[in-house]
Structure formats: structure tokens, C-alpha cells
Amino acid sequence: MSHPPIVSDLIVVGCGISGLAAAIGAAEEGLSVTVLTKADEPWQSNTYYAQGGIVGNGQDDSGDKLAKDIIAAGVGLNWRESVHLLASEGPDLVDSLLVDRAGIPFSRNGKGELDLTREAAHSVRRIYHHKDLSGRSIQEGLLAYAAQLEGRINIYPHMQALDIITNNHHSTDSQERYRPLRAIGLYVLDARNNEVMNIYGSSIILATGGVGGVYQHSSNPSLASGDGISMAYRAGAAILNAEFVQFHPTTLFHRDVKNFLISESLRGEGGLLVNLDGERFMSRYNPDMMELAPRDEVSRAIYREMDRTGTACVFLDARQIDMNLEDRFPGIHEKCASVGIDISREPIPVVPAAHYFCGGIKVDLEGHTSLPGLLAVGETACTGVHGANRLASISLLEGLYFGYRAGKRSADSGVTPSSRLRKSIPEWIFPVEEDDIDPILVKNDRNTIRSLMWNYTGIIRNRKRLNRALSDLNYFSHRINSFYREARLSRKLIELRNTVVTASLITRAAKSNDNSIGCHYVE
Ligand code: SIN
């Protein structure tokens, strides 16, 4: 059974595109990197499930054009410096790291050129994809590339980070409380044997992904419980723009399949949205752009249509698309077929779902949070790139670029915790008498929180709903915290604790912003 080392140059928590890019950037600088993931396998991340693709160098494209599209989607709330940096340097990193070095097999046309696709609100074709399996190809390619870096990157599955260790908060040496605050390590649960370890790093990068698992309907795997955001918040790091949760209009609605995205590119290729009566209802909401209206508008239209007709879903009809659907959309075709839906013969039942967190842990251009020693990258970080809403297919680019950058720069900013300091940190304290967790309570609490977030802090918000959400969440926080102190630790329990913290952060931010902007919509 392999354990992570007690001290590394860099600890990365999370194993999607941003975590792997950070690990690769740091390993290229000669650092030893410990990557922790709570998943059972290193490939299990949000990245793996991305379908659409990643923004690269487009036709007749430029950094300025890309920046303009990003800022238009973000309704101008974006941090300009961060956008311009990403737009001018990000696409070249896609070419050099993903295409040239990691050899990701992006789809190509008959001439062997990259097949550039387009999604809503992009002014040119600039998205690299591998059919509808882009995330899977990127994840697999980066894992294979990371493995080649002379053993400098070691990935440990089943490792759930519990809390960030800082000198000020945890050291038993009274002098440490007067020294500058710094994150020095993590308490980590090894889910295989229920042991908690103290793990230290010169720097710690959180790359723990998004918050979709806080909502009843989500395109993210249920692992996405806002763990990094919740840990950073408990340690005192600043959180920014938490009201901006982007909802995707279409995920598969089926009793046996949860969290499966039906890519926007299906609508891009001509898929139509219809209600139970077969009516193209988008004509009532945006007659000019119809199915290709901005994501948040389409999500609201579907939500209203479901409410108006009293149905639990609408339908995406791909039958009229003039291409071989099995070849262009193998992932969607296969998943739907697995539950008896032939997408070339019948409409797909779909429901909107929480998809992407535009807010997160506030970081600077190098990924540093407001807590020294702690960095954050990818969806868990707020780089300011997305402002109030996110442009499609930009998240993988953001994760790659800022992840790689933070990994490289962490070589300059790390401070190894001394053995004296490490000795002054207590072991994790288990309750004297641990209660066995009743799994039904944990499951039901999480489901109740997901349902209240969907209904009250969801696609359409108002003051009454947000007040209700907050008072229910306060009650749950209190209950879950006392439960957490007495019960035996497990991944599900830790996720429940993080879910209630993250849900409260989103709801409080939503309540403090009365203006509808981007994906935050208040009526
Ligand atoms: C999609 O394929 O519809 C999602 C792409 C994205 O969110 O960037």
C-alpha cells in the first residue's frame, strides 16, 4: 500500500486538467510533486467528462478577438489582465503542450488539419475537439505525459484532503501565532484504511474542480462538492464571485443516468429543443437565436417551459441533423443507447443542470490565494477570466494555462516547513467514541441540500427563495457540524460537510447581489 511522502516540494490536490498541468509545470522545473485525488482512479475528474473541446488557435483568430469574446460572455465583469494573458498565451500552450508534447489525438479533417469547431458566442472557429470525447482524450494524454517526467510526479488515489494546516492555526508552538501566516500542509484521509495523515509541502495547489455536486441536476460527477473552496474558506482565504454558477441547458434526463451532458455542439449542428407537444418553444423566448441563444437564456427558457407545462424535462431532437451521429457524437450516442434511446430516431429527454462555477478562490495571475503558501487553479479558482459568465470551451484552456503557470512559478515561491515546525503540528484528533455513520442520514442530507439549491439558489432566484435557502442551510450547517465532530470519517461525510459550506457561500453571494448579470438571474 503506497503512502504519499510526508514532505514534497509541491502538493497538488486534484487530478483534472488544471492539477495535471500544474504538476507538469512544476516537474519541468525539477520539483517533486505529490498529486492527491479522492477518486479511486486518477482519470476520474470533471475534465474527463468534458465533451465540447478546448479553445486553440483559430482561423483568422487573434488574442484580441478571443479576449473580446470572453469579455462579451462575461458581461464585462472580467479581470482584463487575466483575460488578455490567457487569450494571448493560452492557445500556443495548447499547441505546444497538448498537441506537440502530449500528442492528444484531436480530430482532423481530410487534409490532416485540426478540425476546428465553433460554439455559441465565439466569433471564429477555434475549438479543438476529439469527436465528443475531448475531455477523455486530454485527461488520458496528460496522465501519460506526466508519467514520462522522470518519476517526479506521483499520483495517489483514495486521498481525501480534509483541511489545510497553517502555522498560525495549528502549531502548538506559541511563537508560531506571531509569525506570518502560511499554509504548510494538509490533513489527508486515506480512504482505504481510514487513517488521517499530516502531509507537508513547500507549496500547496488546490485543483479540486467545481461545485456541480451541490445541485440536484448537474453535468459534473457527484465528486464535485466544492471541497477546495470549502477548505480554503475555512482556512481564511478569500472567495470571489460565488453567485455565478453557470447552468448548462441540456443534460440527459433519465432515471438510471445522472449527470450526463448533452453537448451544446449537438444544437450547434442543428439539434432542436421541443416540449412534450413537439413545439419549438424557444420561439417564445428568443425568436432570433432560438436554440443557439446564450446558455443562461436557454436554461431559463427550459426551466420556465418545464414550470409552465408541469413537466420534468424537455426534449432535444437530433433526428434532422444531416450527419452520421454515431460517428460525430459517439459518447452521447452510446450513453443514450445504453438506456434504450436511439438519438437518430427519437428525441432525447433533457434538463438544465449546474455546469460550471465562474467564481471560486480569489487568486492573482500566478495562482496565489490570499493565504500565503496556498495556490488554486482551474474551476476551484477565480482568476477573473469568466466575469459574470463563461464562454463555452474556455474552461479547459483556463485550467491548462493557469495550472501550468502556477506549477512553474511555485518553484520560486515555496518555503519548506522546517522539521521543528512540522513536529509542532498535532495529529488529527478523532472523537473519543466514534459513532458509526448512518449512511441514509448522510445521503438524505446531501439530497435535501441539492434539492434546495436547485429550487431556491438555482437558475431563477428571488429574495424569498434565497432567504429560505439560507435559513435551511444554516440549520443544516449546525446539524452537519455536530454530526461531523462525532462520527467516523468517510468520503461521503466529508463531501456533505463541504457541500453545505459551498452551498452557503453561493447563496450568501447570490443574496448580496440584487442585479441580474450573466448567469446570476434575480427576478
Ligand atoms: C458543451 O459541450 O456543451 C460544454 C462545453 C463547455 O461548457 O465549455
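By its C-alpha gyration tensor, with a ≥ b ≥ c as the square roots of the eigenvalues, how is the range 42-167 shaped: rounded for a/c under 1.5, else prolate for a/b larger than b/c, else oblate? Oblate. For the listed peptides 515-522, 305-312, 58-65, a ranking on the average number of other beta carbons within 10 Å per residue, highest first, reads 515-522, 58-65, 305-312. Coupling constants for the range 241-253 follow from the phi torsions by the Karplus curve (6.51 cos²θ - 1.76 cosθ + 1.60, θ = phi - 60°), and in residue order they are 6, 6, 6, 8, 9, 8, 9, 8, x, 9, 10, 5, 9 Hz; glycine and proline get x. For the range 407-500, rounded, prolate or oblate, judged on the Cα gyration tensor with a ≥ b ≥ c (square roots of eigenvalues), a/c < 1.5 rounded, else prolate if a/b > b/c? Oblate. Here the scattering of the range 235-392 is modelled by Debye summation over its C-alpha atoms, one equal scatterer each and no solvent; at q = 0.13, 0.14, 0.16 Å⁻¹ the log10 of I(q)/I(0) is -0.68, -0.76, -0.89.
Roughly how tilted is helix 63-73, in degrees to the nearest 10 and between 0 and 90, from the longest Cα axis of the chain? Tilt relative to the chain: about 80 degrees. The alpha carbon gyration tensor of the range 336-450 gives principal lengths a ≥ b ≥ c with a/c of 1.5 or higher and a/b no greater than b/c, which makes the shape oblate.
Of all DSSP beta bridges in the chain, what percent run antiparallel (nearest 5)?
On the way: 35 of 57 bridges.
Roughly 60 percent of the DSSP beta bridges within the chain come out antiparallel.
Here the calculated FRET efficiency for M289 and L365, from their Cβ-Cβ distance with R0 = 25 Å, stands at 0.15, rounded to the nearest 0.05. If R0 is taken as 56 Å, the Cβ-Cβ distance between E269 and E28 corresponds to a FRET efficiency of 0.90. The listed peptides 99-111, 35-47, ordered by packing as a protection proxy, come out as 35-47, 99-111 (highest mean of other Cβ atoms within 10 Å first).
Kirkwood hydrodynamic radius for the chain: how many Å is it when counted over pairs of different Cα atoms? Mean inverse Cα-Cα distance, inverted, gives 23.3 Å. Each residue of the range 508-514 is assigned a 3J(HN,Hα), and the resulting list reads 5, 5, 5, 5, 8, 10, 7 Hz, derived from the Karplus form 6.51 cos²θ - 1.76 cosθ + 1.60 (θ = phi - 60°), x at Gly and Pro.
With a Förster radius of 60 Å applied to the C-beta separation of K68 and D327, the computed FRET efficiency comes to 0.95.
If I stretch the segment between V75 and T172 completely, what's the gain in nm (0.36 nm per residue apart, minus their alpha carbon distance), one decimal?
So the chain would gain 30.2 nm between V75 and T172.
For the chain, the mean residue ellipticity at 222 nm estimated from helices alone is -11000 deg cm²/dmol, where every DSSP H run of n ≥ 4 contributes -39500 (n - 2.57) and the total is divided by all residues, rounded to the nearest 500.
Give, in nm to one decimal, the length gained when the segment between V432 and E195 is fully stretched (0.36 nm per residue of separation minus the Cα-Cα distance). Present the calculation step by step, with values, prior to reporting the outcome.
Working: separation 237, 0.36 × 237 = 85.32 nm, distance 1.51 nm.
Stretched fully, the V432-E195 segment lengthens by 83.8 nm.
May I ask for the distance between the Cα centers of the range 360-405 and the range 252-312, given as a whole number of Å? Cα centroid to Cα centroid, the span is 30 Å. Helix 463-486 axis versus longest C-alpha principal axis of the chain: approximately 40°, rounded to the nearest ten. Compared with the dominant principal axis of the Cα atoms in the chain, helix 134-147 is inclined by about 30°.
Amide H contacts under 5 Å for A238: K362, S370, L371, restricted to partners 5 or more places along the chain or on a different chain, H placed in the peptide plane at 1.01 Å from N.
Express the relative contact order of the range 384-523 as a whole percentage, based on alpha carbon pairs under 8 Å and six or more residues apart in sequence. Contact order relative to length: 31 percent. Within the range 170-212, name every residue whose backbone N is under 14 Å away from a label modeled 7 Å from Cα of S413 along the Cβ vector. Residues passing the 14 Å test: 182-184, 202-207. Sequence-distant contacts, meaning Cα pairs under 8 Å at least 6 residues apart, place the relative contact order of the range 197-321 at 20 percent. Each of N467 and E113 was given a label point 7 Å from its Cα along the Cα-to-Cβ line. The distance between the two points is 5.9 nm. What pairs from K38/K443; K68/K362; K443/K492; K258/K335; K68/K111; K258/K443 go past 20 Å between their alpha carbons? As for pairs spanning more than 20 Å Cα to Cα, those are K68/K362; K68/K111. A crude spin-label estimate for the pair R234 and R479, with each label 7 Å from Cα along the Cβ direction, gives 2.0 nm.
Taking every C-alpha pair closer than 8 Å and separated by at least 6 residues, the mean separation divided by the residue count of the chain gives a relative contact order of 23 percent.
Bear in mind that the values in this text are calculations on the coordinates, not laboratory data. What you are looking at is a predicted structure, and each value in this text was computed from that prediction instead of being measured. Cβ sites come from the backbone with ideal geometry, for glycine too, and all protein chains shown count toward neighbours.
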